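The values are calculated or read from the model by the stated rules, or taken from the named source; none is laboratory data. This is a predicted model, so every value here is computed, not measured. Glycine gets a Cβ as well: all are built from the backbone with ideal geometry, and neighbour counts include every protein chain shown.
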There are 2 protein chains.
Amino acid sequence: MKKVVKVKDITIGEGMPKICIPILGETLEEIKEEAELLSTFDFDIVEWRADFFQFVEDMDCIKLAMEIIEENLGDKPMIFTLRSLKEGGKREVCEALYFEINRRVLETKNLDILDIELFHDKDEIESLINLAHKNGAKVIISNHDFQQTPSKDEILSRMNRAAQLGADIVKIAVMANDTEDVITVLDATRILKEDYLKIPLIAIAMGKKGMITRFAGEIFGSDITFATAKKTSAPGQLSVEDVKNIVQFIHKHTI
Amino acid sequence: MKKVVKVKDITIGEGMPKICIPILGETLEEIKEEAELLSTFDFDIVEWRADFFQFVEDMDCIKLAMEIIEENLGDKPMIFTLRSLKEGGKREVCEALYFEINRRVLETKNLDILDIELFHDKDEIESLINLAHKNGAKVIISNHDFQQTPSKDEILSRMNRAAQLGADIVKIAVMANDTEDVITVLDATRILKEDYLKIPLIAIAMGKKGMITRFAGEIFGSDITFATAKKTSAPGQLSVEDVKNIVQFIHKHTI
């Protein structure tokens, strides 16, 4: 039986892929501005990319930023993401600080979803997952490669590892350098959904060629898609209106 | 060097997939009505599905029908298709009559493109191709399976055989019963375009799941897509406006 993830009014893992928009503000003012802009858009989930935030090492500033997002977008689940530099993030954060910040955000007891990267210490990840679940937060375990697309088997292996660690949702986002890469991601998505995973999956082929993975999730098996209102956080991202139109069109004609 | 097929103002094999709409009228009146309706639409190619025409065995009626289509849609290349029952056509036509009708249509010297099915006598196909080229017509060699999707190797084999026979364009349209079938068609399309074919290809996964192949041709390698103005000629066909919007969207964001 497939598990879905219910957070606020959103059910991830059934029906159309849910549309997530990232907040990339570097200061509290920018975060406020983006949150206010996003409140005028029709989408499902907001991801706060805290690695863009200049004061991410200051817990009080993190709490202020979370309040601003809550005030403007409180009806939507929020993902807290501290993306490491090696996986496409904005700033270098040492391993200890990476876990420290994530722990303290969980301890606010005010977080819906935490993104934890697979390529960190296994025990630390497991303790963070336990802490998240203890504090009512769901966990995405994610993996990103901004240079290339790994083999299909490697993608299957990474996502199965992430699921076995106890993730509520698993995520893979890799760079498609050619059409074969796009098909690798589509087929890995299909196989994960049909043969392995009981939990929701996010699978993205980044770059222009990969755009199909950003709206055909309901056909191949990806449950969240990232779109933009203004700024983009990854190559190939499309506007929220365009993604919504095509996702709805595919839903209408496929189901 | 890839060959393109230039017919009237259309270049098949480069840029966006060209949009083809079938005419399915059973009588001259219906054909006239459809042709007049289609003249109000923005698309590239018209396919006359002559197997729907009740008087397809009467050469004078065929000429009248062609004139009607020419009068209303003369600016667009026309494909003449006598689809056999076993490949999803509307009526049973014996082998001799199949070739007789196609020959006589070519002899009008007024045909842009002829569709010939791969699964006929090889020598007859080759002589029909020669006749087509002698009379200024291009040839699509096509293959359809309305029940299932053959293996990737079988798709490659069929399309390579079609190309070796002397086709100007090759076409495969098979039924996708699951997502794996869709990926089989997408990957076969990619491999044919990247590794084998010098000529344009039409590759369609029919059915709801296959809809992605009807607008993502520019990413994977399919050069014509079939859409509908009113009636559909195959499962999963989409309206010409919807197909055009998504094809243009993909073009804008992929190239």
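Points worth noting:
- Flag if B:ILE21 is over 19 Å from the mean Cα position of the chain (by Cα) and outside any loop (DSSP other than H, G, I, E, B): no
- Among the residues of region B:39-51, those identified as closer than 18 Å to B:TYR98 by Cβ and in contact (Cβ under 8 Å) with a residue 60 or more places away in the chain are B:GLU47, B:ARG49.
- Residues of region A:113-142 that turn out to be free of Cβ contacts under 8 Å to residues at least 60 places away in the same chain and in a strand (DSSP E or B), as a count: 5
- Taking first residues from region A:160-186 that are within 14 Å of chain B (Cβ to nearest Cβ) and among the aliphatic types (A, V, I, L, M) and partners that are in a strand (DSSP E or B) and buried (at least 23 other Cβ atoms within 10 Å of the Cβ), the Cβ contacts under 7 Å between residues at least 6 apart in sequence or on separate chains come to A:ALA176/A:ALA205; A:ALA176/A:MET206; A:VAL182/A:ALA205; A:VAL185/A:VAL174; A:VAL185/A:ALA203; A:VAL185/A:ALA205.
- Odd one out for B:GLY74 among (1) without any contact (Cβ under 8 Å) to a residue 12 or more places away in the chain; (2) surrounded by 15 or more Cβ atoms within 10 Å (Cβ to Cβ): (2)
- Of residues in region B:88-106 being aliphatic (A, V, I, L, M) and crowded, with 19+ Cβ neighbours inside 10 Å, the one modelled with the lowest pLDDT: B:VAL93
Each row is one residue, and each column tells you yes or no for (1) within 10 Å of another protein chain (Cβ to nearest Cβ); (2) out of contact with any His (no Cβ under 6 Å at 6 or more places or on another chain); (3) in contact (Cβ under 8 Å) with a residue 12 or more places away in the chain; (4) assigned to a helix (DSSP H, G or I).
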position: A:THR213; (1), (2), (3), (4): no, yes, yes, yes
position: A:ILE219; (1), (2), (3), (4): yes, yes, yes, yes
position: A:SER222; (1), (2), (3), (4): no, yes, yes, no
position: A:ALA227; (1), (2), (3), (4): no, yes, yes, no
position: A:PRO235; (1), (2), (3), (4): no, yes, yes, no
position: A:HIS251; (1), (2), (3), (4): no, yes, yes, yes
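- Checking A:ILE250, A:ILE246 one by one, the residue that is touching a Gly at 6+ places or on another chain (Cβ under 9 Å) and buried (at least 17 other Cβ atoms within 10 Å of the Cβ) is A:ILE250 and no other.
- Selected residue (criterion: nearest to A:PHE226 (Cα to Cα)) from residues of region A:28-38 that are without any contact (Cβ under 8 Å) to a residue 60 or more places away in the chain and surrounded by 15 or more Cβ atoms within 10 Å (Cβ to Cβ): A:ALA35
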